[in-house]
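The values are calculated or read from the model by the stated rules, or taken from the named source; none is laboratory data. As the structure is a computational prediction, the values presented were derived from the model and not from experiment. Please note: Cβ atoms are built from the backbone with ideal geometry, for glycine as well, and neighbour counts cover all protein chains shown.
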Amino acid sequence: MGQKVAFTTLGCKLNFSETSGIAHQFEEAGYTRVEIDEGADVFVINTCTVTELANKKSRQAIKKLIKGNPSAKIVAVGCYSQLKPDEVAAIEGIDLVLGSENKFEVINQLQQIEAEGKTRVIVSDAGKEKTFTPSYSYGDRTRSFLKVQDGCDYYCSYCTIPYARGRSRNNSIVQTVAKAREVVEKGIKEIILTGVNIGDFGKASDENFFGLVKALAEVEGLERLRISSIEPNLLTDEILEFVAQSKVIVPHFHIPLQCGTDNLLRLMRRRYTTSLYKKRVEKIKSLMPDACIAADVIVGVPGETADEFEKACSFIDSIDISYLHVFTYSERENTMAVKMPNQVPLNERKSRSKIMHALGEKKQRIFQEQHLNSSRQVLFELQEMGGQMFGFTDNYIKVEIPYNKELVNTTANVLLETVTDDGNVLGKLNI
């Protein structure tokens, strides 16, 4: 019987995409992929470093696996391993530490460990990395995260991701479309484009994101294409106008805001103003009134006074966005923000986070209620919980109905009836 491998993934959708790519390598090498609690010969943890809390969660995940599986090989890969390799390697029981650009070498490096019998740390200089390694997630046969871009050239004042992921890079449109076809051939109905800064696609191939979107929309057999997170300054009118008339690209946009005042956006070195952000939201809603618009917001950044925070809340309340991803600022080594004056006390950050979360929940409830008593197409997934099954509308409302295995990985017309206590929408098949 062959060896078994299991995976834990922390952080973003890009990490989930890359974990699947690593898993595919293991499967090709004869390993059997199992769940994390089934016991395995090798455990791979794909780490995250977007906040200090993410670092802590990564350490905890590594230590838990080491404690529960003393005879297994424990491998840490990804962004936390890239930025803090010595810290990871110091964890007693770790066997292999690979940085962001070395994570796809894991099988070869495991063979080296067998030969050497000691912890191995391989971390390249991410800033010099020019190779793009494509990947996509698969497993539930419904939705797949397709990696189309990696790295970032923006260097916002609070962010370590350019140091962990390197410069912006990508495959060509032709190569990316070929990967999308592979995904569709596996029976997957929806592709979600993912990367660090996907709107920056094309730097490495003299192409652009609009060209990529147009090409992917033509992939035969693809039912849905979801753009995912894209910077407001890179989400152009021509992209929005194309999405509005597309039968494949869904009306769902994830547009990072980060802060709701121009002063804070300038301090964070963001490349847009609140007026540009508002203009993007208004353009989307004028073209696609039912569109879902999500925003990332960071609270407690240096320079965020009580007045600035109040202005940010007012701005967010005034624009027609559908839900928020709220992050609490945490100091990151080697960033400009650490050295800035007017740091916000931790207790104040936490209290502002609660206020912003409440605002996000209000926005989401309003958006969901706007769609009650209407019918939408829902793509149902494999998961069953308490006799219910779940799926997403094209505009990203999570819907639940009584479980029916015939509906798994199919799209059905559903009447949206009521919002549940946990934020989903109860639906009824509209036959």
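Annotations for the structure displayed:
- Residue match in segment 387-406 (condition: over 22 Å from Ile319 (Cα atoms) and in contact with a His (Cβ under 7 Å, 6 or more places away or on another chain)): no
- Residues (in a helix (DSSP H, G or I) and closer than 25 Å to Asp41 by Cβ) located in segment 83-101: Pro85, Val88, Ala89
- Highlighted here are the helices (runs of 4 or more DSSP H) found entirely within segment 212-323 that include at least 2 residues which are acidic (Asp, Glu): 237-245, 306-318.
- Segment 391-409 residues that are under 22 Å from Glu361 (Cβ atoms) and basic (Lys, Arg), paired with ones that are in a strand (DSSP E or B) and modelled with pLDDT of 95 or more (beta carbon under 8 Å, 6 or more apart): Lys398/Phe390; Lys398/Gly391; Lys398/Phe392; Lys398/Val425
- Picking from residues in segment 184-208 that are more than 18 Å from the chain's Cα centre (by Cα) and closer than 14 Å to Ser144 by Cα, the one that is surrounded by the most Cβ atoms within 10 Å (Cβ to Cβ) is Ile188.
- If you check Thr32, Thr49 for being more than 21 Å from Lys118 (Cβ to Cβ) and surrounded by 22 or more Cβ atoms within 10 Å (Cβ to Cβ), only one passes: Thr49.
- Breaking point among (1) touching a residue at least 40 places away in the same chain (Cβ under 8 Å); (2) under 18 Å from the mean Cα position of the chain (by Cα), for Phe26: (2)
- Only one of the listed residues (Asn55, Asn69, Asn108, Asn102) is at pLDDT below 95, polar (S, T, N, Q), buried (at least 18 other Cβ atoms within 10 Å of the Cβ) and over 24 Å from the mean Cα position of the chain (by Cα). That residue is Asn69.
- The listed residue being in the same structural domain as Leu10 (by TED's automatic domain parsing), of a type in the set (A, V, I, L, M) and under 25 Å from Ser137 (Cα atoms), out of Ile94, Ile74: Ile74
- Condition met for Ser330 (at pLDDT 90 or above, among the small types (Gly, Ala, Ser) and within 20 Å of the chain's Cα centre (by Cα)): yes
- Qualifying residue in segment 361-375 (condition: surrounded by fewer than 16 Cβ atoms within 10 Å (Cβ to Cβ), part of a helix (DSSP H, G or I) and of a type in the set (A, V, I, L, M, F, W, C)): yes
- Among the residues listed as Lys130, Lys118, the single one being modelled with pLDDT under 95 and outside the structural domain of His24 (by TED's automatic domain parsing): Lys130
- Within the span defined as segment 341-348, one or more residues are farther than 30 Å from Glu369 by Cβ, modelled with pLDDT of 95 or more and acidic (Asp, Glu).
- Segment 7-28, subset aliphatic (A, V, I, L, M) and assigned to a helix (DSSP H, G or I), residue farthest from Gly78 (Cα to Cα): Ala23
- Counting only residues that are of a type in the set (Gly, Ala, Ser) and out of contact with any helix residue (DSSP H, G or I) (no Cβ under 9 Å at 6 or more places or on another chain), segment 24-38 holds 1 of them.
- Taken across segment 172-179, residues that are part of a helix (DSSP H, G or I), within 16 Å of the chain's Cα centre (by Cα) and closer than 19 Å to Ile230 by Cα do not occur at all.
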